[in-house]
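Structure, as structure tokens:
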Amino acid sequence: MLWQDDFCRVVLADEPDYPGFLRVILNAHVKEMSDLPAADRQALMRVVFAAEAALREVMQPDKVNLASLGNVVPHLHWHVIPRFSDDPHFPNPVWGERKRAASHDTPPDLDARLSNALFNALNT
């Protein structure tokens, strides 16, 4: 858990090939974005965008991928994925065909640095 409030939370996913892979998870059980009132959609996207900004600040990825699939877990959540030209699947999606074995290096204290960046973005 990197950040949370009563509405949602940001967790660091356990994806060894993708350090910094985040999930923004709505606390309430909701299946689709359109099931949320407009204000809640805006609040959730504020956290998604803050997660993206935190990744850019801490990791300087070549690209950030945002995805809300929910095919396996029909509970509203967003994947926020830092992408690097040397990551195992680039330029394919992380769920696509693997292109290389190497994974990107993990910055020291990644959890603490991302948590701090999220706190600064969301609590100001």
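Distance between the C-alpha centres of segment 90-124 and segment 52-88: 7 Å, rounded to the whole angstrom. Taking only Cα atoms, what is the 0 to 90° angle, nearest 10, from helix 38-59's long axis to the longest principal axis of the chain? Roughly 30 degrees, rounded to the nearest 10.
Relative to the dominant Cα principal axis of the chain, helix 110-122 is inclined by about 40°. Placing R0 at 22 angstrom, the Cβ-Cβ distance between Ala43 and Asn120 gives a FRET efficiency of 0.80 after rounding to 0.05. A simple charge model with +1 on the Cβ of Lys and Arg, -1 on the Cβ of Asp and Glu and nothing else charged puts the dipole of the chain at about 240 debye relative to its Cα centre. Ordering 70-83, 29-42 by mean Cβ neighbour count within 10 Å, with the highest value first, yields 70-83, 29-42. Straightening the chain between Trp95 and Ala112 buys 3.4 nm, computed as 0.36 nm per residue apart minus the Cα-Cα spacing.
Coordinate-derived values only; no laboratory data. In this text the structure is predicted, and so the values were computed from the model without any measurement. In this analysis, Cβ positions are derived from the backbone assuming ideal geometry, glycine residues included, and neighbour counts consider all displayed protein chains.
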